[in-house]
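See structure below.
The values are calculated or read from the model by the stated rules, or taken from the named source; none is laboratory data. Treat the numbers as computed from the prediction; the structure is a model and nothing was measured. Here the Cβ is made from the backbone with ideal geometry for all residues, glycine too, and neighbour counts use every protein chain on show. Side chains are part of the model used for accessible areas, which takes the heavy atoms of the whole protein and leaves out ligands, DNA and RNA. Shrake-Rupley method; radii C 1.70, N 1.55, O 1.52, S 1.80 Å.
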Amino acid sequence: MLNTKTSPATKQAPGPEEKGKAGSAKKAEEDEEIDIDLTAPETEKAALAIQGKFRRFQKRKKDASS
């Protein structure tokens, strides 16, 4: 069962110690280098699937605004 009520404490801005942790985690992500083989058949299939979903999303968005 989901509890949709949140306590006021969860809505507060993070304290200085929490901000420092978020900053160091973000820096670690920037330093990490990811190598993706763009010629792999799996990558091409994934790209085509993402493009198709995006085009359908754009079409629905256009149809809804018309």
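A few comments on the model shown:
- Exactly one residue among E30, E18, E44 is modelled with pLDDT of 60 or more, more than 17 Å from the chain's Cα centre (by Cα) and not β-branched (V, I, T), and that residue is E44.
- Cβ-Cβ contacts under 9 Å between residues 6 or more apart (or on different chains), taken from a first residue in the range 37-66 that is touching a residue at least 40 places away in the same chain (Cβ under 8 Å) and open to solvent by 90 Å² or more (accessible area, probe 1.4 Å) to a second residue that is β-branched (V, I, T) and in a helix (DSSP H, G or I), are absent.
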